[in-house]
Every structure is written in structure tokens, then in C-alpha cells.
Amino acid sequence: MSEVSFIAQPAGRTTLDAIEAIAKSSDLTKLDIAAAYVTSSGTYDLLKRIDATLGADWAGVEKRWITSFDYCRTQPIALETLLSLPASSVRVYDASFCLANSGMPKVPFHPKAFLFRGKEKDFALAGSGNLSRSGLSKGVEVGLTLAVNRKNPAEPTSAASIKGLRCWYNKAWNVATPLDAALLKRYIKLFESIPNLAHPVATEDDLASGETSTGALTNKDLQKLRVCSHFWIEAGNITKNRGPQSPGNQLMMKRLSRVFFGYDPIAVPENTTIGSVDTSYNGGPVAPYTLSYSDNKMDKLNLPIPGTVGPAAYDKKLLLFREIAPHLFNLTIGTQANKAAWVKNSKAIDAYFKMSSGREWGVF
């Protein structure tokens, strides 16, 4: 007997909920996804949910992903992450044409199709959401899921529908370009070019902040925070939050800096925990560090403890955060020469900022 269900985001059943239900209901052996574009936050949310559902079994699932370079909406770090997964292959639809035309496609690649194969059942999920945070859970999206038992399909039409979708997927897979290190490098060069970072194309993960106070980051600024992979800031005088004799570890940042770290620019009350930021200092151990909205109306990020996993102190230091995987960052201390290069890179894309205190920061 076939099983049909629906997706109705955000208040009802989300795409992530549907994927979790499918993963739980079958011994999953294969996953095929075609999505118009893939964002860092979408990749993070999907993998976090599947990891929690399947555990060690996830490594043995054969994974195929088809996406596009269309309009430079897909983030390279998301592609790199998908490519690094065990038993995973990534292909890009009409990659060469897009690269040769600054991300403009000849024919837009716009599907949102998820195909799952278990030991006995086949599943299909078709909807309106991309592999983005908004598409998977936050945005207003709809879709349908269909499941059939291959050994005894009670409704041949349902089985034929999934077979037809799989046939379409295989044809798209066969004509798409395999993603390898060389192709990814070419796309990174385009994605991180000054024209693209200065004027990034909006995706559904870009949300209006509604913040209208003097000096607030604009929506265009927030788009740059989302797509850039480097965030630098003058630490200034760090509050002695660990006691008068110990160097502090709480970095005060411009309100809504949280967007760079993968969080939405939504209004929250003062002294609210926003989430955590997985951070490594100088390539050391990774740990989650709390990100909150402080009563001084600034975003506050806890840093690796000074003198243990962090440097001796952060006061007056130049800090650089580099995203190395979705929601995973490496923190380093820079020099004045480094800062000069960072300022140049940020000014080139109009993403150099200065707080009311005079502290400088930016993204690139």
C-alpha cells in the first residue's frame, strides 16, 4: 500500500520533519537530491537532523547531489561539505556554461526533488523548498511525500511515479558535471570575486532585519555577512567577566553580526541566548561557544578560554574568524599587516564598518 503525506511550512510539517520520518521508517540505503541551490545553513540543518536520526548508519548511505552554479546562489562551503561526506558524490548542472557567463545559466536548474531508497521501500519528496534553511524549515513552503513497497506495490501508479522521477534524476545526473577540487576552485574564484561579494544575489536565507536605528546594518550589509567566509574585528578592551585578575573572553560585536555565524537577523529580547558557535582557535580543539544578545544592545560571543585553549588574552587583539564548514569557524590572531589586507578586502566590497566606539571590523 502506498503512503502519501504533505509538507506545510513553517507552522505545520516541515521538509526536515518529512526527511526525518522517512529516515526513521526505513533502513535507508540510498539518497538522491536535486536542488536548485544549496546554502551553508541549509546543509548544516539537513546534516544535523540526519546525523541525529541515523547515527553511524548515515556513513553507509550512498549519497548523490545535483545542484547548480546558477546566479552564484550556491555557497562553495556547502558544496565542499557535501563532497567530503562518506559515500557522497556531487554534480553540477551545466557547470561550464555558468562559469563562462558569470553565473548566468543557459537554462535555469530549478528542481527540489528528494529520492530515498530503503531495503524494501522507495520514497519521493517533491516540494517548493531548496536545500536552504528557509526551504527546509523556516519559509512558507509546500510539498508531498510518497512511499511505496517495491516488493508488493498495491498501487502501480504510485510505483510508476517514483520510477519516473528516478529516471528523470538519472538523466540529469548523467549530463551534469562531476564536482571535483578543480571545478570547485573555479567556482570559488567566481563566488568570491569582488563583483559577486559586493552585490550578492539574494536567496531565501536572506531576511529583512527590520532594524531601523541609527547606524544599523542594512539588509545589503546582512547579505554580505551571510555570503562572506571571513569576519575580522578589533577586540578592544575585553570585559573582565572571569574575575578582576583573569583576562576576559566575551567579545562584543555589532548588533546582528550573528548573521555571519549562521543566525537569522530577528529581534530578540536583551540577555537572550541566540545559540552557539562551533569554534577552533588556531586549528585546536573545536567546542561550542555561546552567542547571545546583550543588554548593551550588542551581539556577545564567548571565545575559547584565554591561557588554555585560547591565547593568553584577547584585549586589543585583531581577531579573524574563517568559516571552514557550515557553522564551524577557525579563530586566529592577526597582525597590523594582516589588518591592512583585511581592511582592503572589506572596502573592496563595501563591507568595512566602524562601531560607535571606533572599533573597526568587516567581512570579505
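Only the coordinates and a few stated rules stand behind these numbers; no lab work does. All values derive from a computational prediction rather than experimental measurement. FYI the Cβ positions are ideal-geometry reconstructions off the backbone, even for glycines, and counts take in every protein chain you see.
Scalar couplings 3J(HN,Hα) for the range 275-291, obtained by applying the Karplus form with A = 6.51, B = -1.76, C = 1.60 to θ = phi - 60°, are x, 10, 10, 6, 9, 10, 9, 6, x, x, x, 8, 8, x, 10, 5, 10 Hz; x denotes Gly and Pro.
Rounded to whole Å, give me the distance from the Cα center of the range 255-279 to that of the range 68-141. Centre-to-centre (Cα) distance: 26 Å.
Between the range 1-50 and the range 300-316, what is the separation of their alpha carbon centroids in Å? Spelled out, the Cα-based centre of one part sits 38 Å from the other. Under the combined filter of DSSP loop state and at most 14 neighbouring Cβ atoms within 10 Å, the range 144-178 retains these trypsin sites (Lys or Arg not before Pro): R150, K151. Simple spin-label estimate for D350 and I333 gives 3.6 nm between the two label positions (7 Å along the Cα-to-Cβ direction from each Cα). When Lys and Arg each count +1 and Asp and Glu each count -1, what net charge do the other residues less than 9 Å away from A235, Cβ to Cβ, add up to? That sum, taken over residues with Cβ under 9 Å, equals +1.
Full extension from E270 to K220: what is 0.36 nm times the residue separation minus their Cα-Cα distance, to one decimal in nm?
Values: separation 50, 0.36 × 50 = 18.00 nm, distance 2.45 nm.
Going from the current span to full extension adds 15.6 nm.
Build a GNM of the chain with springs between Cα atoms under 10 Å apart, and of I22, I233, I266 the one that fluctuates most is I266. Less than 5 angstrom separates the built amide H of T177 from those of V92, Y93, D94, A95, all sequence-distant by 5 or more or on a different chain. Amide H contacts for G310 (H built 1.01 Å from N in the peptide plane; partners 5 or more residues away or on another chain; cut-off under 5 Å): I305. Applying a DSSP loop filter and a limit of 15 other Cβ atoms within 10 Å to the GluC sites (Glu not before Pro) in the range 73-144 leaves E120.
The base-10 log of I(q)/I(0) for the chain, evaluated at q = 0.09 Å⁻¹, reads -0.55 [Debye formula, identical scatterers on Cα atoms, solvent excluded].
Whole number please: convex hull volume per residue, Cα atoms of the range 248-301, in Å³. Display every interim value, and only then the final one.
Details: hull volume 4.4 nm³, N = 54.
That works out to 81 Å³ per residue.
Charge tally for E120 (other residues, Cβ to Cβ under 12 Å; Lys, Arg +1; Asp, Glu -1): +3. Percent of Cα pairs in the range 1-66 per distance bin of 5 Å, from zero to the largest separation: 3, 14, 24, 29, 20, 9, 1, 0. Here's how it looks for Y281: its modeled amide H is under 5 Å from those of L331, which are all 5 or more places away or on a different chain. Simple spin-label estimate for E20 and S128 gives 2.3 nm between the two label positions (7 Å along the Cα-to-Cβ direction from each Cα). Helix 181-191 and the longest principal axis of the Cα set of the chain meet at an angle near 60°.
Taking 8 Å as the Cα distance limit and 6 or more residues as the minimum spacing, I'd like the relative contact order of the range 252-364 as a percentage. Could the numbers behind the result be given before it?
Details: 171 pairs, mean separation 22.6, N = 113.
Once divided by the residue count of the range 252-364, the mean separation gives 20 percent.
Seen against the Cα atoms of the chain and their longest principal axis, helix 40-54 is set at about 60 degrees.
Taking 8 Å as the Cα distance limit and 6 or more residues as the minimum spacing, I'd like the relative contact order of the chain as a percentage. Walk me through the numbers on the way to the answer.
Details: 740 pairs, mean separation 59.4, N = 364.
After rounding, I find 16 percent.
Computed from phi, the 3J(HN,Hα) profile of the range 235-250 under the Karplus parametrisation 6.51, -1.76, 1.60 (θ = phi - 60°) reads 6, x, 8, 7, 4, 7, 6, 9, x, x, 9, 10, x, x, 9, 10 Hz, with x in place of Gly and Pro. Taking a Cβ cut-off of under 15 Å around N130, the surrounding Lys, Arg, Asp and Glu residues balance to a net charge of -1, with basic ones at +1 and acidic ones at -1. Using θ = phi - 60° in the Karplus curve 6.51 cos²θ - 1.76 cosθ + 1.60, the 3J(HN,Hα) couplings for the range 206-218 round to 8, 10, 5, 7, x, 7, 10, 5, 4, x, 5, 5, 7 Hz; x is entered for Gly and Pro. Working from Cα positions, state the angle (0 to 90°, nearest 10) between the long axis of helix 156-175 and the longest principal axis of the chain. Once rounded, the angle reads 50 degrees.
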